[in-house]
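Scroll down for the structure; my scribbles are underneath it.
The values are calculated or read from the model by the stated rules, or taken from the named source; none is laboratory data. These figures come from a predicted structure and were not determined experimentally. Neighbour counts run over all protein chains shown; Cβ positions are idealised from the backbone, glycine included. Keep in mind that these areas ignore ligands, DNA and RNA; they rest on the heavy atoms of the full protein, side chains included. Shrake-Rupley method; radii C 1.70, N 1.55, O 1.52, S 1.80 Å.
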Amino acid sequence: LEYIKNDPLVRMLIGNDPGHYNFTIITAMGVITEGKQGTELHTAIERLEKERGVATIRADTGTARSIDYNANKIEEAVNIAVELKRPYGLVGYSQGCANEMNFEAMMISGTPDQQKVITGDYGLVCRQLLFSAANGSMHGPATEAKVHQLITMIEEFLKYQQGYFSRAFISTTIDVLNSGLDSSAFQKFLGGTKSFLPYASRTFWREAQHLPHIPTCVIRGVLEPHTTPESLDMLSNTLTKQSGSALHDSQVHVYDAVGHPVYFKNRNGRILKSTDMGGAVQRTHHWSPLCEEVEYVRTDRDVEHGVFDCAKDRHIFPFCDVNARFGIIKYADVEN
């Protein structure tokens with residue numbers, strides 16, 4: 001105990017001075033979300049607003065939509081935040097991290113008005129990445145390989161069946177399949193999931209630009225048998241099997257869930273790596289920010305282990321407090 005007490009870093013555990021922060025949070029949630037109608041982390045967000053006066057604006061991102069579509073929705077939320085005349089920070093969860101990184105890149109390479117939104121007096125000051133999928137996920141290439149094998153198997157099966165069905169039936173079946181594959185919903189789904197693939201991730205990081213002075217906080221997790229939701233058992237075991245590593249939260253690995261590109265090296269990647277503050281790996285799962293949203297899949301085992309009852313404040317409170325401690329976030333009653 002004395003050894004820990006004498007560690008100078010223990011001083012950092014002292015809480016910040018009371019008061020409200022001059023700060024707004026823009027959230028962008030995962031690949032499955034209800035956008036601005038979502039309730040992810042709503043209890044923690046309410047406590048943060050009550051204790052620190054931090055306003056939160058939910059970006060109206062869509063389920064399984066492309067990172068460009070979601071970046072435009074984040075821009076809409078940021079324009080609302082700028083009208084509050086307070087600096088803002090970005091909080092992304094899972095694919096929402098890629099969406100927010102893409103938003104920042106779009107603003108930097110955009111018009112002077114767009115650049116002002118991110119670099120002005122009421123611009124971006126910090127980032128928080130929760131279980132980031134900005135570097136993709138092993139689920140992406142593994143699923144792609146399985147789909148290719150499935151298509152080959154179906155083709156071989158249907159070739160054999162050609163002798164048993166009429167030409168009219170075969171033509172109708174092909175037309176139905178083409179209509180489904182060409183449909184707007186299916187194309188949107190593909191656009192929303194391709195960011196998990198390596199080639200899409202490399203393309204994004206190759207072109208992306210980010211501000212060099214913005215600190216990035218991250219939360220990463222590794223699940224264990226007693227912290228794994230029962231509904232994620234198969235997904236977790238599949239990811240372990242197909243990647244060869246159990247160091248993941250059921251959807252992204254700890255070495256991927258960081259605040260900088262891992263598989264593409266360039267100047268922008270070095271900038272992001274220098275501003276990545278890192279963070280200890282936590283014993284939790286990918287769905288830890290969720291509660292009511294996953295009530296329909298909560299089982300008796302989940303209730304017994306309390307896998308969804310983990311502290312929600314840890315996802316945003318430390319992020320705000322550490323940036324306030326080092327002067328990145330100002331107090332509302334302190335002049336800039």
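Please determine, by comparing only the residues of the stretch 295-313 that are surrounded by 16 or more Cβ atoms within 10 Å (Cβ to Cβ) and under 24 Å from Val54 (Cα atoms), which one is modelled with the highest pLDDT.
Residues of the stretch 295-313 that are surrounded by 16 or more Cβ atoms within 10 Å (Cβ to Cβ), as a first pass: 298, 302, 305, 307-308, 310, 312.
Cutting the leftovers down to under 24 Å from Val54 (Cα atoms) gives us 310, 312.
Values: Cys310: 85, Lys312: 91.
In this case the residue turns out to be Lys312.
For the stretch 95-111, check the following and say yes or no: at least one residue is open to solvent by less than 10 Å² (accessible area, probe 1.4 Å), within 25 Å of Ser243 (Cα to Cα), at pLDDT 95 or above and not hydroxyl-bearing (Ser, Thr, Tyr).
Checking the stretch 95-111: not a single residue is open to solvent by less than 10 Å² (accessible area, probe 1.4 Å), within 25 Å of Ser243 (Cα to Cα), at pLDDT 95 or above and not hydroxyl-bearing (Ser, Thr, Tyr).
Output the residue which, of all residues in the stretch 120-153 that are in a helix (DSSP H, G or I) and open to solvent by 80 Å² or more (accessible area, probe 1.4 Å), is nearest to Val54 (Cα to Cα).
Let us first name the residues in the stretch 120-153 that are in a helix (DSSP H, G or I), namely 139-153.
Filter once more, keeping what is open to solvent by 80 Å² or more (accessible area, probe 1.4 Å): 146, 148-151, 153.
Numbers: Lys146: 45, His148: 47, Gln149: 50, Leu150: 49, Ile151: 50, Met153: 54 Å.
Going through the qualifying residues, I end up with Lys146.
Of the residues in the stretch 276-293, how many are closer than 25 Å to Ala208 by Cβ and open to solvent by 20 Å² or more (accessible area, probe 1.4 Å)?
4
Do you know which residues across the stretch 261-275 are among the polar types (S, T, N, Q) and open to solvent by 50 Å² or more (accessible area, probe 1.4 Å)?
Step one: list which residues in the stretch 261-275 are among the polar types (S, T, N, Q), which gives 266, 268, 274-275.
Within the stretch 261-275, Ser274 is the sole residue that qualifies.
Evaluate the following for Glu83: is it free of Cβ contacts under 8 Å to residues at least 12 places away in the same chain and among the acidic types (Asp, Glu)? Walk me through it before giving the result.
On the way: free of Cβ contacts under 8 Å to residues at least 12 places away in the same chain: yes; among the acidic types (Asp, Glu): yes.
So Glu83 fits the description; yes.
Any residue that is surrounded by 12 or more Cβ atoms within 10 Å (Cβ to Cβ), of a type in the set (Val, Ile, Thr), farther than 23 Å from His248 by Cα and at pLDDT 85 or above - is there at least one of those in the stretch 183-205?
So far as the stretch 183-205 goes, yes, one or more of its residues are surrounded by 12 or more Cβ atoms within 10 Å (Cβ to Cβ), of a type in the set (Val, Ile, Thr), farther than 23 Å from His248 by Cα and at pLDDT 85 or above.
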